[in-house]
């Protein structure tokens, strides 16, 4: 999932308000959290990252970067059979006390 935003629409909704962009980011946070919850219910792993190449995504989707742009990339899938990479699991709920 690649959530994008129509900037003009959001800035119209929050007319002349300095927090218009912050509202976009909060919305993406809520959507990604819903995806995390759904993935967890299905026994899947999930991720969200804002470390993306906006230019390539805009070109692939035919987006005008002044009107609409990607804010993050989200995804989910089946976990590996064993832990091979560092993963944030502070309570040891997923992998137990195993180390990399």
Qualifying position, being in contact with a strand residue (DSSP E or B) (Cβ under 7 Å, 6 or more places away or on another chain) and loosely packed, with under 15 Cβ neighbours inside 10 Å, among 41, 54: 54
Filtered residue count, the stretch 29-88, keeping only those that are part of a strand (DSSP E or B) and within 16 Å of residue 3 (Cβ to Cβ): 11
Selected residue (criterion: surrounded by the most Cβ atoms within 10 Å (Cβ to Cβ)) from residues of the stretch 1-18 that are part of a loop (DSSP other than H, G, I, E, B) and in contact with a helix residue (DSSP H, G or I) (Cβ under 9 Å, 6 or more places away or on another chain): 3
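Read-outs throughout are calculated quantities, based only on the coordinates presented, and are distinct from any laboratory measurement. Just so you know, these numbers come straight off a predicted model, no measurement behind them. Quick reminder, even Gly has a Cβ in these numbers, built from the backbone with ideal geometry, and neighbours come from all protein chains shown.
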